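**Student:** Here it is: the structure, laid out below.
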Amino acid sequence: MYELISATPSPYARKVRIALIEKGIPFTLRTEVPWHGTTATPAYNPLEKLPVLVLPDGNGIYESRFILEWLEVKHPAPRLLPDTAEEVLAAREVEVIADGICDAVVLLFFERMREAPSAEWMARQRRKVEGGVRALAERATDGFMVGGRFGLADIAAGTVLRYLSVRFAEYDWAAQYPALAAMSTRLEARPSFAATVPVPQTIVEKVV
Ligand SMILES: N[C@@H](CCC(=O)N[C@@H](CS(=O)(=O)O)C(=O)NCC(=O)O)C(=O)O
(Lines give C-alpha, C1' and ligand atoms only; values in the text may rest on other atoms or scores of the structure.)
Protein backbone atom coordinates (compact mmCIF):
# COMPACT_ATOMS: atom_id res chain seq x y z
CA MET A 1 0.00 0.00 0.00
CA TYR A 2 1.13 3.57 -0.70
CA GLU A 3 1.79 5.96 2.17
CA LEU A 4 1.51 9.70 1.55
CA ILE A 5 3.57 11.99 3.76
CA SER A 6 1.40 15.08 4.03
CA ALA A 7 0.69 18.14 6.16
CA THR A 8 -2.73 19.45 7.15
CA PRO A 9 -2.51 22.82 5.33
CA SER A 10 -0.42 21.63 2.37
CA PRO A 11 -1.98 22.52 -1.00
CA TYR A 12 0.71 20.50 -2.78
CA ALA A 13 -0.12 17.41 -0.73
CA ARG A 14 -3.83 18.08 -1.18
CA LYS A 15 -3.41 17.82 -4.97
CA VAL A 16 -1.97 14.33 -4.52
CA ARG A 17 -4.61 13.31 -1.95
CA ILE A 18 -7.37 14.41 -4.34
CA ALA A 19 -5.77 12.54 -7.27
CA LEU A 20 -5.41 9.34 -5.21
CA ILE A 21 -9.05 9.54 -4.12
CA GLU A 22 -10.32 10.40 -7.62
CA LYS A 23 -8.40 7.40 -9.01
CA GLY A 24 -9.65 5.11 -6.22
CA ILE A 25 -6.10 4.27 -5.12
CA PRO A 26 -5.91 3.14 -1.47
CA PHE A 27 -3.24 4.86 0.63
CA THR A 28 -2.37 5.61 4.24
CA LEU A 29 -1.96 9.25 5.21
CA ARG A 30 1.04 10.22 7.32
CA THR A 31 0.49 13.75 8.58
CA GLU A 32 3.62 15.67 9.59
CA VAL A 33 5.06 19.12 10.14
CA PRO A 34 7.99 19.12 7.70
CA TRP A 35 9.84 21.80 9.69
CA HIS A 36 9.89 19.71 12.87
CA GLY A 37 12.94 17.57 13.63
CA THR A 38 10.67 14.53 13.82
CA THR A 39 9.74 14.64 10.14
CA ALA A 40 10.48 11.56 8.01
CA THR A 41 10.58 13.67 4.82
CA PRO A 42 14.39 13.92 4.44
CA ALA A 43 14.64 10.11 4.58
CA TYR A 44 12.72 9.95 1.29
CA ASN A 45 13.32 13.36 -0.30
CA PRO A 46 16.78 15.02 -0.39
CA LEU A 47 14.90 18.27 -1.06
CA GLU A 48 13.26 17.78 2.35
CA LYS A 49 9.78 18.70 1.21
CA LEU A 50 6.44 16.94 1.42
CA PRO A 51 4.33 15.53 -0.17
CA VAL A 52 6.22 12.29 -0.58
CA LEU A 53 4.49 9.21 -1.94
CA VAL A 54 6.20 6.26 -0.22
CA LEU A 55 5.99 3.14 -2.38
CA PRO A 56 5.59 -0.41 -1.03
CA ASP A 57 9.30 -0.99 -1.76
CA GLY A 58 10.19 1.90 0.56
CA ASN A 59 11.27 4.35 -2.12
CA GLY A 60 9.81 7.86 -2.13
CA ILE A 61 8.36 9.81 -5.07
CA TYR A 62 8.47 13.56 -4.42
CA GLU A 63 7.49 16.96 -5.88
CA SER A 64 3.70 17.14 -6.25
CA ARG A 65 3.72 17.73 -10.04
CA PHE A 66 5.94 14.69 -10.50
CA ILE A 67 3.84 12.55 -8.13
CA LEU A 68 0.75 13.45 -10.17
CA GLU A 69 2.56 12.62 -13.42
CA TRP A 70 3.78 9.36 -11.89
CA LEU A 71 0.23 8.44 -10.83
CA GLU A 72 -1.06 9.25 -14.31
CA VAL A 73 1.47 6.79 -15.79
CA LYS A 74 1.04 4.02 -13.20
CA HIS A 75 -2.72 4.38 -12.66
CA PRO A 76 -4.02 5.86 -15.94
CA ALA A 77 -7.75 5.41 -15.24
CA PRO A 78 -9.63 7.58 -14.64
CA ARG A 79 -7.50 9.97 -16.63
CA LEU A 80 -6.87 13.33 -14.94
CA LEU A 81 -5.25 14.89 -18.00
CA PRO A 82 -7.30 16.26 -20.92
CA ASP A 83 -7.50 14.48 -24.28
CA THR A 84 -5.48 16.64 -26.67
CA ALA A 85 -1.82 17.69 -26.41
CA GLU A 86 -2.83 21.35 -26.51
CA GLU A 87 -5.29 20.82 -23.65
CA VAL A 88 -2.63 18.98 -21.62
CA LEU A 89 -0.37 22.03 -22.01
CA ALA A 90 -3.23 24.29 -20.89
CA ALA A 91 -3.82 22.11 -17.81
CA ARG A 92 -0.14 22.09 -16.95
CA GLU A 93 -0.04 25.87 -17.32
CA VAL A 94 -2.82 26.15 -14.73
CA GLU A 95 -0.79 23.91 -12.42
CA VAL A 96 2.29 26.14 -12.92
CA ILE A 97 0.22 29.22 -11.97
CA ALA A 98 -1.40 27.49 -8.99
CA ASP A 99 1.87 26.09 -7.62
CA GLY A 100 3.53 29.47 -8.15
CA ILE A 101 0.86 31.17 -6.05
CA CYS A 102 1.39 28.55 -3.33
CA ASP A 103 5.16 29.13 -3.42
CA ALA A 104 4.65 32.88 -2.94
CA VAL A 105 2.23 32.30 -0.04
CA VAL A 106 4.79 30.03 1.66
CA LEU A 107 7.55 32.65 1.25
CA LEU A 108 5.23 35.32 2.68
CA PHE A 109 4.23 33.05 5.56
CA PHE A 110 7.82 32.55 6.67
CA GLU A 111 8.88 36.15 6.04
CA ARG A 112 6.23 37.19 8.54
CA MET A 113 7.89 34.89 11.12
CA ARG A 114 11.18 36.79 10.96
CA GLU A 115 12.14 39.25 13.68
CA ALA A 116 12.42 42.01 11.04
CA PRO A 117 10.29 41.03 8.05
CA SER A 118 11.20 42.76 4.80
CA ALA A 119 8.32 44.93 3.60
CA GLU A 120 9.73 44.85 0.08
CA TRP A 121 9.98 41.07 0.04
CA MET A 122 6.44 40.67 1.40
CA ALA A 123 5.07 43.14 -1.16
CA ARG A 124 6.80 41.15 -3.90
CA GLN A 125 5.19 37.90 -2.76
CA ARG A 126 1.77 39.53 -2.43
CA ARG A 127 2.12 40.78 -6.03
CA LYS A 128 2.78 37.22 -7.23
CA VAL A 129 -0.29 35.91 -5.37
CA GLU A 130 -2.54 38.62 -6.79
CA GLY A 131 -1.10 38.28 -10.29
CA GLY A 132 -1.44 34.51 -10.18
CA VAL A 133 -5.05 34.64 -9.01
CA ARG A 134 -5.79 37.11 -11.81
CA ALA A 135 -4.30 34.62 -14.29
CA LEU A 136 -6.51 31.86 -12.85
CA ALA A 137 -9.56 34.15 -13.08
CA GLU A 138 -8.80 34.69 -16.76
CA ARG A 139 -9.00 30.90 -17.18
CA ALA A 140 -12.09 30.33 -15.04
CA THR A 141 -15.10 28.70 -16.70
CA ASP A 142 -18.64 27.87 -15.62
CA GLY A 143 -17.69 24.20 -15.90
CA PHE A 144 -14.31 22.46 -15.69
CA MET A 145 -11.21 24.46 -16.54
CA VAL A 146 -9.81 22.45 -19.45
CA GLY A 147 -11.23 19.93 -21.91
CA GLY A 148 -14.78 19.84 -20.53
CA ARG A 149 -14.12 17.33 -17.76
CA PHE A 150 -12.62 17.27 -14.26
CA GLY A 151 -8.86 17.01 -14.17
CA LEU A 152 -5.46 18.34 -13.23
CA ALA A 153 -6.28 22.01 -13.84
CA ASP A 154 -9.30 21.85 -11.51
CA ILE A 155 -7.26 20.04 -8.84
CA ALA A 156 -4.45 22.61 -8.99
CA ALA A 157 -6.69 25.68 -9.11
CA GLY A 158 -9.12 24.39 -6.50
CA THR A 159 -6.40 23.54 -4.00
CA VAL A 160 -4.63 26.89 -4.21
CA LEU A 161 -7.87 28.87 -3.90
CA ARG A 162 -8.94 27.07 -0.74
CA TYR A 163 -5.36 27.31 0.59
CA LEU A 164 -5.52 31.11 0.39
CA SER A 165 -8.29 31.15 3.00
CA VAL A 166 -5.99 29.18 5.34
CA ARG A 167 -2.72 31.05 4.83
CA PHE A 168 -3.62 34.39 3.22
CA ALA A 169 -7.15 35.15 4.40
CA GLU A 170 -6.82 38.93 4.17
CA TYR A 171 -6.91 38.69 0.37
CA ASP A 172 -10.58 38.62 -0.65
CA TRP A 173 -10.06 37.13 -4.12
CA ALA A 174 -13.61 35.73 -4.12
CA ALA A 175 -15.14 39.22 -4.09
CA GLN A 176 -12.81 40.33 -6.88
CA TYR A 177 -13.46 37.26 -9.09
CA PRO A 178 -17.01 35.86 -8.66
CA ALA A 179 -16.64 33.29 -11.45
CA LEU A 180 -13.51 31.93 -9.78
CA ALA A 181 -15.33 31.84 -6.44
CA ALA A 182 -18.21 29.88 -7.99
CA MET A 183 -15.72 27.45 -9.54
CA SER A 184 -14.05 26.95 -6.16
CA THR A 185 -17.40 26.31 -4.48
CA ARG A 186 -18.30 23.71 -7.11
CA LEU A 187 -14.98 21.91 -6.71
CA GLU A 188 -15.12 21.94 -2.89
CA ALA A 189 -18.42 20.01 -3.16
CA ARG A 190 -16.64 17.03 -4.75
CA PRO A 191 -16.10 14.14 -2.28
CA SER A 192 -12.34 14.15 -2.95
CA PHE A 193 -12.20 17.83 -1.98
CA ALA A 194 -14.58 17.47 0.96
CA ALA A 195 -12.34 14.69 2.33
CA THR A 196 -9.17 16.81 2.13
CA VAL A 197 -10.07 20.30 3.39
CA PRO A 198 -6.89 22.09 4.53
CA VAL A 199 -6.53 23.19 8.14
CA PRO A 200 -3.68 25.14 9.80
CA GLN A 201 -0.96 23.27 11.67
CA THR A 202 1.00 24.27 14.77
CA ILE A 203 4.71 24.77 14.12
CA VAL A 204 6.49 24.75 17.49
CA GLU A 205 10.12 24.63 16.33
CA LYS A 206 12.06 27.67 15.13
CA VAL A 207 12.06 27.64 11.32
CA VAL A 208 13.62 30.95 10.23
N1 LIG B 1 7.27 22.17 -5.11
C2 LIG B 1 6.95 21.34 -3.99
C3 LIG B 1 6.59 22.22 -2.81
C4 LIG B 1 6.27 21.43 -1.56
C5 LIG B 1 6.41 22.26 -0.29
O6 LIG B 1 6.81 23.42 -0.32
N7 LIG B 1 6.07 21.61 0.85
C8 LIG B 1 6.26 22.24 2.17
C9 LIG B 1 5.12 21.91 3.10
S10 LIG B 1 3.65 22.73 2.71
O11 LIG B 1 4.00 24.16 2.53
O12 LIG B 1 3.14 22.16 1.50
O13 LIG B 1 2.74 22.55 3.85
C14 LIG B 1 7.52 21.67 2.77
O15 LIG B 1 7.64 20.46 2.87
N16 LIG B 1 8.43 22.56 3.19
C17 LIG B 1 9.64 22.11 3.88
C18 LIG B 1 10.82 22.95 3.43
O19 LIG B 1 10.61 23.86 2.62
O20 LIG B 1 11.94 22.68 3.90
C21 LIG B 1 5.78 20.40 -4.35
O22 LIG B 1 4.99 20.81 -5.20
O23 LIG B 1 5.70 19.29 -3.81
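The values are calculated or read from the model by the stated rules, or taken from the named source; none is laboratory data. Since we're looking at a predicted model, the values are computed, not measured. Every residue, glycine as well, gets a Cβ built from its backbone with ideal geometry; the counts of neighbours run over all protein chains shown. In case anyone asks, the SASA skips ligands and DNA or RNA and just uses the protein heavy atoms, side chains included. Shrake-Rupley method; radii C 1.70, N 1.55, O 1.52, S 1.80 Å.
**Student:** Are there any pairs with C-beta distances below 7 angstrom linking a residue in region 91-117 that is in a helix (DSSP H, G or I) and within 12 Å of the ligand (Cβ to nearest atom) to a residue that is open to solvent by less than 50 Å² (accessible area, probe 1.4 Å) and basic (K, R), with the two at least 6 apart or on different chains, and if so which?
**Tutor:** V105/R167; F109/R167
**Student:** Given the conditions (1) within 22 Å of K74 (Cβ to Cβ); (2) open to solvent by 10 Å² or more (accessible area, probe 1.4 Å), which single one is not true for H36?
**Tutor:** Tallying (1) within 22 Å of K74 (Cβ to Cβ); (2) open to solvent by 10 Å² or more (accessible area, probe 1.4 Å), H36 fails exactly one: (1).
**Student:** In region 181-208, which residue that is of a type in the set (G, A, S) and assigned to a helix (DSSP H, G or I) is surrounded by the fewest Cβ atoms within 10 Å (Cβ to Cβ)?
**Tutor:** A194
**Student:** Let me ask another. Condition first: open to solvent by 70 Å² or more (accessible area, probe 1.4 Å) and within 18 Å of the chain's Cα centre (by Cα). Can you find one or more residues in region 105-115 that meet it? Before the answer, list the steps.
**Tutor:** Filtering region 105-115 for residues open to solvent by 70 Å² or more (accessible area, probe 1.4 Å) gives 107, 112-115.
Cutting the leftovers down to within 18 Å of the chain's Cα centre (by Cα) gives us 107.
Yes, that holds for at least one residue.
Yes/no per residue for (1) hydrophobic (A, V, I, L, M, F, W, C); (2) touching a strand residue (DSSP E or B) at 6+ places or on another chain (Cβ under 9 Å); (3) surrounded by fewer than 16 Cβ atoms within 10 Å (Cβ to Cβ):
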position	(1), (2), (3)
P56	no, yes, yes
I67	yes, yes, no
K74	no, no, yes
A85	yes, no, yes
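**Student:** What number goes with the only condition from (1) modelled with pLDDT under 95; (2) open to solvent by 70 Å² or more (accessible area, probe 1.4 Å) that W121 does not pass?
**Tutor:** Status for W121: all satisfied but (1).
Here is a yes/no grid of residues against (1) part of a helix (DSSP H, G or I); (2) over 19 Å from G100 (Cβ atoms); (3) more than 13 Å from the chain's Cα centre (by Cα):
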position: R14; (1), (2), (3): yes, no, no
position: R30; (1), (2), (3): no, yes, yes
position: W35; (1), (2), (3): no, yes, yes
position: A43; (1), (2), (3): yes, yes, yes
position: P46; (1), (2), (3): no, yes, yes
position: P56; (1), (2), (3): no, yes, yes
position: R65; (1), (2), (3): yes, no, no
position: R79; (1), (2), (3): no, yes, yes
position: P82; (1), (2), (3): no, yes, yes
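**Student:** Then there is this: Tell me which residues, restricted to region 61-79, are free of Cβ contacts under 8 Å to residues at least 12 places away in the same chain and within 9 Å of the ligand (Cβ to nearest atom).
**Tutor:** Answer for region 61-79, where residues must be free of Cβ contacts under 8 Å to residues at least 12 places away in the same chain and within 9 Å of the ligand (Cβ to nearest atom): just F66.
**Student:** Restricting region 170-208 to residues that are at pLDDT below 95 and hydrophobic (A, V, I, L, M, F, W, C), which is farthest from V33 (Cα to Cα)?
**Tutor:** The qualifying residue farthest from V33 (Cα to Cα) is V208.
**Student:** Oh, and also: Mind listing whichever residues of region 157-180 are more than 16 Å from the chain's Cα centre (by Cα) and surrounded by fewer than 17 Cβ atoms within 10 Å (Cβ to Cβ)?
**Tutor:** Answer for region 157-180, where residues must be more than 16 Å from the chain's Cα centre (by Cα) and surrounded by fewer than 17 Cβ atoms within 10 Å (Cβ to Cβ): A169, E170, Y171, D172, A174, A175, Q176, P178, A179.
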